[in-house]
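Worksheet for the structure shown next.
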Amino acid sequence: MNMMHLLALSAMSPSERRDHVSSPPLRPQKTAMLLAQRIVADITRRGHTVGDRLPPERLMLEEYAVGRGTLRESLRFLELQGVISLKPGPGGGPVVEQPDATSLATSLTLLLQFSHAPFRTIAEARGGLEPMMAQLAAERMSDVQLLDLRASVDTMGTHLDDQSIFLEENKRFHDVIARGSGNAMFGYLVDALLGILDGSAIGIDYPEVRRTAVHKAHLNIYEAIASRDTTASAGAMSDHIEQYLKYAEKKFPDVLAAPITWTNGL
């Protein structure tokens, strides 16, 4: 029984749960997943957008020729994935939503937790991924995104005495670059990791001298991206991540070795 099935069971009423459990467990589970895929395909095919209502349960049961328990399991799964919301009451039902990185963050965290991966895993991955993001951003970032990136650098520089603002702008800076890379995978990946990317959620601290160094690094990266220099952008980001790792290794080795868990920030 996988996580989708467990979550769907927990959302059922006692009578629905009895009916569901009394059925062969594998077939309904497979059918529910296939049905969820069909519903998503139909959302795309019909051109539904955020806020559009899907047909009521009665019509969906007829259209897809499945049992009520299977349909509800599929809809609950899609709700958990952020594809739809389920509005209660008269005139309610499934409403199309825009998925975000929440489900990805949860799944990724659980995968890392059950792999007994330390925080160092994320820190090292940044060294491989973010220089590529900066390189692509130098080629693809729009003028509006470039202005947003500059605003983040300036806001951080103005508030170096405030660690909370520093941390927010640090996240914003890397998120803008990820999305500015023009690669949706990078955008969602960094969005999913923002809660733990800088390590502050699990114990890495940033005194003002370190904040000043980070601000300088961000300014260098911004200038390289603004000049559309792909090589310099990747190099500046690589240096920034390398300095971050050296700092963490020296000051917070225990944090780098600490296991990633669902409760430590993602």
Any hit, the stretch 141-148, residues being of a type in the set (A, V, I, L, M, F, W, C), part of a helix (DSSP H, G or I) and under 23 Å from the mean Cα position of the chain (by Cα): yes
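Considering only residues that are touching a residue at least 40 places away in the same chain (Cβ under 8 Å) and among the β-branched types (Val, Ile, Thr), look in the stretch 105-148 and name the one that is nearest to residue 170 (Cα to Cα).
Result: 122.
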Filter pass, residue 258 being crowded, with 16+ Cβ neighbours inside 10 Å, small (Gly, Ala, Ser) and closer than 21 Å to residue 120 by Cβ: yes
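Among the candidates 71, 75, single out the residue that is of a type in the set (A, V, I, L, M, F, W, C), over 14 Å from residue 96 (Cβ atoms) and at pLDDT 95 or above.
Answer to the check: 71.
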Hits in the stretch 108-146 (condition: in contact with a Ser or Thr (Cβ under 7 Å, 6 or more places away or on another chain) and farther than 22 Å from residue 225 by Cα): 112, 113
Any helices (runs of 4 or more DSSP H) falling wholly within the stretch 27-134 and containing at least 1 residues that are farther than 30 Å from residue 221 by Cα and in the same structural domain as residue 239 (by TED's automatic domain parsing): 102-114
Candidates 124, 130, filtered to the one that is surrounded by fewer than 16 Cβ atoms within 10 Å (Cβ to Cβ) and of a type in the set (D, E, K, R): 124
Residues being within 30 Å of residue 260 (Cβ to Cβ) and in contact with a His (Cβ under 6 Å, 6 or more places away or on another chain) - total across the stretch 84-110: 0
Candidate set: the stretch 149-171, residues that are of a type in the set (Asp, Glu) and assigned to a helix (DSSP H, G or I); chosen: the one farthest from residue 200 (Cα to Cα): 154
Matching entry among 224, 234 (being among the aliphatic types (A, V, I, L, M), assigned by TED's automatic domain parsing to the domain that holds residue 162 and in contact with a Pro (Cβ under 9 Å, 6 or more places away or on another chain)): 234
Filter result for residue 176 (touching a Ser or Thr at 6+ places or on another chain (Cβ under 8 Å) and not in a helix (DSSP H, G or I)): no
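The values are calculated or read from the model by the stated rules, or taken from the named source; none is laboratory data. In this text, all values refer to a predicted model and were calculated from it rather than measured experimentally. Every residue, glycine as well, gets a Cβ built from its backbone with ideal geometry; the counts of neighbours run over all protein chains shown.
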